[in-house]
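Please read the structure below before turning to the comments.
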Amino acid sequence: MNAHHPACCSPLDTHNPLPNALAGAQLISTRFDPALLAEGDFARCDIPPVRGVAKRQAEYLAGRLCAREALRRVTGQASVPAVGEDRAPQWPRGVVGSITHGDNWAAALVAARDQWRTVGMDVERLLPAERAQRLQGEILTPAELQRLQALGEQARAARISLTFSLKESLFKALYPLTLTRFYFHDAELLEASQDSARLRLLIDLHPDWRTGAELDGQFALFDNKVLSLVAVAP
């Protein structure tokens with residue numbers, strides 16, 4: 001394993017912020033600072049470079065470092081997932097995984113395919129109340145908007161942020177199974193308690209995934225962020 005660790009990323013962290021660890025899965029995270037990204041970091045880390053501004057490069061490098069370590073822990077092979085034509089990570093046979101980054105934090109979750117059919121994970125910075133109000137119509141269905149009515153301003157903003165993250169996780173979990181793109185209004189958050197959630201599809205994606213299908217999610221709030229996960233058992 002390459003000993004070089006770039007200055008733009010904090011040491012890899014094995015702490016799992018989510019309430020329920022998935023059996024056989026590994027979650028690895030790091031904090032990153034694009035200002036500390038150095039020329040040659042990709043080469044020194046033995047990770048194929050990606051084009052873009054410093055933020056894009058730093059978040060990609062951070063996510064791939066986490067993915068490589070998570071893969072090493074699950075499979076014994078420290079490989080780096082390539083980028084597919086659809087820009088999704090290409091995981092080795094026998095594993096499922098998800099990479100996310102936001103608010104200078106990146107993480108990867110990897111699990112054995114015989115234990116989990118798919119996983120989708122997403123981190124988002126909590127939306128300020130004013131921005132949440134502006135975006136709510138894009139993210140929420142009319143039924144979800146209705147359920148917000150009783151909440152105060154901060155609770156509404158938190159629920160909108162949570163819904164955003166959970167729908168992103170749902171997409172990342174189901175896209176590899178269905179190869180069908182879908183959008184915020186194509187699913188709804190039915191309920192969210194302290195750290196668990198239930199989502200429902202509002203469109204047919206695939207013969208296995210039709211309108212009305214329900215999936216469970218979980219989430220954690222930390223450092224002004226929400227991290228969510230949707231995992232489907234075999």
Considering only C-alpha atoms, what is the centroid distance from the stretch 45-79 to the stretch 172-234, in Å? 25 Å
Residue-averaged [θ]222 nm for the chain, counting only DSSP H segments that reach four residues, each worth -39500 (n - 2.57): -10000 deg cm²/dmol
Hey, what angle do you get for helix 54-75 against the long axis of the chain, alpha-carbon based, 0 to 90 degrees rounded to 10? 80 degrees
Per-selection metrics, the chain (Cα): Rg and Dmax in Å: 17.7, 53
Residue of GLY102, GLY84, GLY63 that the Gaussian network model of the chain assigns the largest fluctuation, springs spanning Cα pairs under 10 Å: GLY84
Alpha-carbon Debye profile of the stretch 1-130, log10 I(q)/I(0) at 0.11, 0.16, 0.21 Å⁻¹: -0.36, -0.77, -1.29
Using the Cβ atoms and a cut-off under 13 Å, what net charge is assigned to the surroundings of HIS4, where Lys and Arg are +1 and Asp and Glu are -1? 0
Expected field for GLU138, accessible surface area in Å² at 1.4 Å probe radius, rounded to 10, holds 120 Å²
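Averaged per residue, what accessible surface does the stretch 110-234 expose to a 1.4 Å probe, in Å²?
Per-residue value: 48 Å².
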Using only Cα atoms, figure out Rg for the stretch 112-166 and give it as a multiple of 2.2 N^0.38 Å. 1.38
Do any chymotrypsin sites (Phe, Trp or Tyr not before Pro) in the stretch 137-234 lie in a loop, going by DSSP, with at most 15 other beta-carbon atoms within 10 Å of their beta carbon, and if so which? TYR183
Nearest-10 value in Å² for the accessible area of ASP114, using the 1.4 Å probe: 130 Å²
Per-residue ³J(HN,Hα) for the stretch 165-170, Karplus 6.51 cos²θ - 1.76 cosθ + 1.60, θ = phi - 60°, Hz, x for Gly and Pro: 5, 5, 5, 5, 4, 4
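By accessible area of protein heavy atoms, probe 1.4 Å, what ranking do SER196, SER165 get, highest first?
Values: SER196 50, SER165 0 Å².
Accessible-area ranking of SER196, SER165, largest first: SER196, SER165.
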Considering only protein heavy atoms and a probe of 1.4 Å, how much of the accessible area of the stretch 1-116 is carbon and sulfur, as a whole percent? 48 percent
Let me see the P(r) profile for the stretch 72-114: every Cα-Cα distance counted, bins of 10 Å, each bin given as a percent of all pairs. 25, 53, 21, 1
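The values are calculated or read from the model by the stated rules, or taken from the named source; none is laboratory data. Predicted, not measured: the structure shown is a model, and the values here were computed from it. In this analysis, Cβ positions are derived from the backbone assuming ideal geometry, glycine residues included, and neighbour counts consider all displayed protein chains. For accessibility, only protein heavy atoms count, side chains too; no ligands or nucleic acids. Shrake-Rupley method; radii C 1.70, N 1.55, O 1.52, S 1.80 Å.
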